[in-house]
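Below: one structure, written as structure tokens.
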Amino acid sequence: MEPIQVDALVIRQKNYGEADRILTLFSKQLGIVSAMAKGARKFKSHQAGATQLFCYGRFNLVPGKNMYTLRGAVCEESFFSVSASIENLALAQYLCDLAYLTTGPENPDEGVLSLLLNTLYLLSKGEKDSALLKAVYELKLCQQAGFAPRTDCCMRCGAMENLNAFSPAMGGTLCSACGAADAIKLAAPTVKALQYIAEAPLSASFGFTLKQDFLCELSKTCEKFILFNVDNYPNSLDYYKKINNF
């Protein structure tokens, strides 16, 4: 059977046997798939570099009964530098796990893949606050997955002014006259940040700064919203919080 060539990011890897490696690939063409990389852990393996976590490249895959088999790979860009920081490594794994949870297996979604690649690129550069990257990613991922929040009006009465809270269950912002049991109180700069992220294209969505107090509010809000909307809890989030003493 002829191999299928895909452009993909390694979002998970697991050692198998004495020298093999099982990869979870987020590919542009096939979506998220599993692939057996035979001999990838051998010292002289030509596939060793391309099968590392957070490597983006071109993979030749042969379909099998339970998973694909890797028949060659070339790494075009690696975000493995995030591993230099245990905090960034934990965050990168959380980002990948969220992509898996919101996209699911064998469901191609170039928008989600592009968002993940852009976020990993910025994380590897270290020029943006990691908490900001996390919050923007969570909210934009919700948009890509089809459950974007409303941030331009009150979800209860429709008012467009005095928005000072956010309800994950109601799916967006609330005004000062309305309330909800799960509402998170927000300052005006945090609400503006939510609105900016929701309205900005991907290329510009990370292009803002926020004071630490407001960034904490933003992070809490985006995290609670995406967790409310995914079916399974990403355990990598607990590790990320433990590393960062949250």
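The values are calculated or read from the model by the stated rules, or taken from the named source; none is laboratory data. The shown structure was predicted, so the numbers you read here are calculated from the model rather than taken from an experiment. So basically every Cβ, Gly included, is an ideal-geometry build from the backbone, and we count neighbours across all protein chains shown.
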Exercise for the section: Just give me the residues in the stretch 17-42 being touching a residue at least 60 places away in the same chain (Cβ under 8 Å), assigned to a loop (DSSP other than H, G, I, E, B) and more than 18 Å from Ser78 (Cα to Cα), in sequence order. Expected result: Gln29, Leu30
Fill in the blank from the handout: The one condition Ala187 fails out of (1) at pLDDT 95 or above; (2) under 27 Å from Ala92 (Cα atoms); (3) of a type in the set (A, V, I, L, M) is (2)
Exercise for the section: Identify all residues within the stretch 147-176 that are touching a residue at least 60 places away in the same chain (Cβ under 8 Å), in contact with a Gly (Cβ under 8 Å, 6 or more places away or on another chain) and not hydrophobic (A, V, I, L, M, F, W, C); write none if there are none. Expected result: Pro149
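Say whether the condition of being aromatic (Phe, Trp, Tyr), within 15 Å of the chain's Cα centre (by Cα) and buried (at least 23 other Cβ atoms within 10 Å of the Cβ) is met by at least one residue in the stretch 62-83.
Let us first name the residues in the stretch 62-83 that are aromatic (Phe, Trp, Tyr), namely 68, 79-80.
Checking which are within 15 Å of the chain's Cα centre (by Cα) leaves us with 79.
Still in the list and also buried (at least 23 other Cβ atoms within 10 Å of the Cβ): 79.
The answer is yes, given that some residue of the stretch 62-83 is aromatic (Phe, Trp, Tyr), within 15 Å of the chain's Cα centre (by Cα) and buried (at least 23 other Cβ atoms within 10 Å of the Cβ).
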Fill in the blank from the handout: For the stretch 43-66, pairs from a residue that is in contact (Cβ under 8 Å) with a residue 12 or more places away in the chain and hydroxyl-bearing (Ser, Thr, Tyr) to a residue that is assigned to a strand (DSSP E or B) and surrounded by 13 or more Cβ atoms within 10 Å (Cβ to Cβ), with Cβ under 7 Å and 6 or more apart or across chains, are Thr51/Val10; Thr51/Gln13; Thr51/Arg21; Thr51/Leu23; Thr51/Ala37; Thr51/Ala73; Tyr56/Leu9; Tyr56/Glu77
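Look at Lys128 and say whether it is assigned by TED's automatic domain parsing to the domain that holds Leu202, in a loop (DSSP other than H, G, I, E, B), closer than 19 Å to Cys216 by Cα and in contact with a Phe, Trp or Tyr (Cβ under 8 Å, 6 or more places away or on another chain). Lay out the reasoning, then the answer.
Working: assigned by TED's automatic domain parsing to the domain that holds Leu202: yes; in a loop (DSSP other than H, G, I, E, B): yes; closer than 19 Å to Cys216 by Cα: yes; in contact with a Phe, Trp or Tyr (Cβ under 8 Å, 6 or more places away or on another chain): yes.
Judged against the criteria, Lys128 is a match.
If you take the residues in the stretch 207-245 that are in a loop (DSSP other than H, G, I, E, B) and out of contact with any helix residue (DSSP H, G or I) (no Cβ under 8 Å at 6 or more places or on another chain), which one is surrounded by the most Cβ atoms within 10 Å (Cβ to Cβ)?
Of all residues in the stretch 207-245, those in a loop (DSSP other than H, G, I, E, B) come to 207-211, 230-234, 244-245.
Of the ones still in play, those that are also out of contact with any helix residue (DSSP H, G or I) (no Cβ under 8 Å at 6 or more places or on another chain) are 207, 245.
Numbers: Gly207: 10, Asn245: 5.
Step by step, filter the stretch 207-245, then rank; the result is Gly207.
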Practice task
Note down all Cβ pairs under 9 Å where the first residue falls in the stretch 81-98 and is closer than 9 Å to Leu120 by Cα, the second is β-branched (Val, Ile, Thr) and in a helix (DSSP H, G or I), and they're at least six residues apart or on different chains.
Solution key: Ala92/Val82; Ala92/Thr119; Leu95/Thr119
Completion exercise
For Lys14, the lone unmet condition from (1) surrounded by fewer than 15 Cβ atoms within 10 Å (Cβ to Cβ); (2) outside any strand (DSSP E or B) is (2)
